[in-house]
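Okay, structure first, notes after.
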Amino acid sequence: MTVSIRASLLLSALAMATLTAAFVDPPADSHAEPAPDHPAASHPAHWTYGGEGGPEHWGELSPDNAACAAGRQQSPIDLSGAMTAGIPAPATHWIPTHGAMVVNNGHTIQVDVPEGGAVTLDGKEYTLKQFHFHHPSEHTIEGKQFPLEAHFVHASPDGDLAVIGVMFLEGSANPNLDSIWATAPGREGKAAVAFNIDAAAFMPASGATFRYEGSLTTPPCSETVHWVVMATPVTASPSQLAAFGALFPHNARPVQPLNRRYVLKTAD
Ligand SMILES: [Zn+2]
C-alpha cells in the first residue's frame, strides 16, 4: 500500500497527473479549465525555470522538495567519463497508441499514453506512462548540450521509475513530432487527443546507451529514477525545434554534480 501510494505520488509530481486526470473526460474539449478543487495541482509550490521559482530555489519552495537541494543523486548530469560495461540496450516493447492525451502542463508538452507498452531493464518490467520534452536538453554528453531532449517515463508496480532520454539534433524533420506539435495546446492547463502516437519511432537506430542512478529533474526531485540515455541523437527540423521553443523557450534544469556515482555505457 505504502509502495503504491509512493508510486502514485511520484507519478503525479512528474506527470501532474491530477491535471491530466481532470482532462480525461471530456478528452477532446480544448476549452476545459483546470479542476478548481485541485489548487495544489495547479500551483505545486509554483516552481519555474527562472527567477524566484527557479532551479536554485526549488529546495526552498516546499519541504517536499528537500531532495532538490540536499540530494546527492540528482539529475540531469553531464554524461562524461562513462565506464564501458556489458550492459544490454534497454528492451523496449512500446506499442503505438490511439487516443493519447497531449497536455500543456505549464512546464512542458507531455503525452500521456494509456497503453504504451513497457521496457525491461535488468530483468524488471516498467510500464510506459508518458513522455515529454525539454528545450534545450537537460543531460549533456561530454559537455555537449542538444536543442531538445525527450523523456520516456516508465514505472514499475512497486514504484521504481525508469526514464529513457533521447536527444534531438537539428536536421531532418521528425514526422512523429508533427502530429504531437499539431495537437499540443498553446496554453497551460489544456489538453487534446492525439492519434497514431508511436513512441518507438523516436528511438535511434543504435541501442548504445548511458546508464546511471538519478532523480526526477523537476520538483520534488525524488531520487528514484533508473536513467537510460540513448547515446545517439535523432533529428528534428529547425522549424520543429522553433515551434517547441516558442512555447517553452527554456525548460531544462542545469546539470547536477555526479558526486559518488558512476556513469555506465554500453560497449561500442
Ligand atoms: Zn523530463
Taking H as built 1.01 Å from N, whose amide H comes closer than 5 Å to the amide H of residue 217, not counting residues under 5 places away?
none
Anisotropy class of the range 119-158 from Cα gyration tensor, a/c 1.5 cut:
oblate
Projected label distance in nm at residue 206 and residue 120, using a 7 Å step from Cα toward the beta-carbon:
2.5
How would the range 188-268 be classified by its alpha-carbon gyration tensor: rounded, prolate or oblate, with rounded meaning a/c under 1.5 and the a/b versus b/c comparison settling the rest?
oblate
So if I take the centroid of the Cα atoms in the range 106-147 and the same for the range 185-247, what is the distance between those two points in Å?
4
Over the C-alpha atoms of the range 221-263, what are the Rg and the largest Cα-to-Cα span, Dmax, in Å?
14.6, 40
Sorted largest first, the Cα spans of the range 53-206 on the principal axes come out in Å as 41, 41, 37
Long-range amide H partners of residue 235, meaning residues 5 or more apart or on another chain whose placed amide H is closer than 5 Å, are 169
Phi angles of the range 78-94, converted by Karplus (6.51 cos²θ - 1.76 cosθ + 1.60, θ = phi - 60°) into ³J(HN,Hα) in whole Hz with x for Gly and Pro, give 7, 8, 9, x, 5, 8, 6, 9, x, 8, x, 5, x, 8, 7, 10, 7
How large is ³J(HN,Hα), in whole Hz, for each residue of the range 182-190 in order, when computed from phi with the Karplus curve 6.51 cos²θ - 1.76 cosθ + 1.60 and θ = phi - 60°, using x for Gly and Pro?
5, 8, 4, x, x, 10, 4, x, 9
Amide H neighbours of residue 78 under 5 Å, counting only residues 5+ apart in sequence or on other chains, H built in-plane at 1.01 Å?
140, 256
With θ taken as phi - 60° and the coefficients 6.51, -1.76 and 1.60, list the Karplus ³J(HN,Hα) couplings across the range 254-266 in order, rounded to whole Hz; mark glycine and proline as x.
x, 5, 10, x, 5, 6, 8, 10, 10, 9, 9, 9, 5
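A short reminder: the numbers here are calculations on the coordinates, not readings from a lab. All figures in this text were calculated on a predicted structure; none of them were measured in a lab. Heads up, the Cβs are rebuilt from the backbone with ideal geometry, glycines too, and the neighbour counts pull from every protein chain shown.
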